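*Asks:* Got a structure for you, written out below as structure tokens; questions coming shortly.
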Amino acid sequence: MNPAGLRAFCLGFNGAVEEFPFDAETSVFKVLGKMFALSALDSDPLRVSLKCDPELAVELRAAHPAVVPGWHLNQRHWNTVTVGGLPERMVRELIEDSYDLVVAGLPRAERLRLDRP
């Protein structure tokens with residue numbers, strides 16, 4: 001997955017937007033104002049920080065050197081993934097899981113608006 005593919009995949013979710021609240025280089029992908037992915041898309045290697053269930057986060061870190069605790073984030077709930085260090089399908093699944101975790105925390109009416117009951 002390249003930077004353009006990462007951006008397109010993140011923006012493909014219902015209600016997803018890209019913002020730059022920290023600096024001009026760091027893309028923050030949000031759904032209804034809540035962050036689900038964070039990446040400096042021009043970094044080499046390409047990395048993305050994603051929300052994760054705390055137990056799964058620990059398992060992923062133990063099993064994959066490309067997954068480390070979220071950099072400058074709550075390390076219990078966030079992982080930073082080196083995109084080229086995992087199969088693309090797995091990266092896509094982790095991004096979708098992050099989006100789903102964030103959406104699950106939204107009020108029911110907002111979830112329904114996103115077609116995610």
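The values are calculated or read from the model by the stated rules, or taken from the named source; none is laboratory data. What you see is a predicted model, and the numbers here were worked out from it, not measured in a lab. Every residue, glycine as well, gets a Cβ built from its backbone with ideal geometry; the counts of neighbours run over all protein chains shown.
*Asks:* Residues in segment 43-79 that are charged (D, E, K, R) and free of Cβ contacts under 8 Å to residues at least 12 places away in the same chain: how many?
*Replies:* Number satisfying all stated conditions: 3.
*Asks:* So how many residues does segment 43-81 have that are in a loop (DSSP other than H, G, I, E, B) and hydroxyl-bearing (Ser, Thr, Tyr)?
*Replies:* Adding up the residues that qualify gives 1.
*Asks:* Of all residues in segment 18-42, how many are in contact (Cβ under 8 Å) with a residue 12 or more places away in the chain, in a loop (DSSP other than H, G, I, E, B) and either closer than 15 Å to Tyr99 by Cα or polar (S, T, N, Q) (or both)?
*Replies:* Counting residues in segment 18-42 that are in contact (Cβ under 8 Å) with a residue 12 or more places away in the chain, in a loop (DSSP other than H, G, I, E, B) and either closer than 15 Å to Tyr99 by Cα or polar (S, T, N, Q) (or both) gives 1.
*Asks:* Go over the candidates Leu32, Leu50, Leu41, Leu114 one by one and state the one that is surrounded by 15 or more Cβ atoms within 10 Å (Cβ to Cβ), modelled with pLDDT under 95 and within 17 Å of Met1 (Cα to Cα).
*Replies:* Result: Leu41 is the single residue among Leu32, Leu50, Leu41, Leu114 that is surrounded by 15 or more Cβ atoms within 10 Å (Cβ to Cβ), modelled with pLDDT under 95 and within 17 Å of Met1 (Cα to Cα).
*Asks:* Pairs only if they're at least six apart or on different chains, beta carbon under 8 angstrom, first in segment 2-17 and more than 13 Å from Ala37 (Cβ to Cβ) and of a type in the set (Gly, Ala, Ser), second at pLDDT below 95 and assigned to a loop (DSSP other than H, G, I, E, B); list them, first residue then second.
*Replies:* Sorted first by the residue in segment 2-17, then by its partner, the pairs are Gly15/Leu32; Gly15/Leu114.
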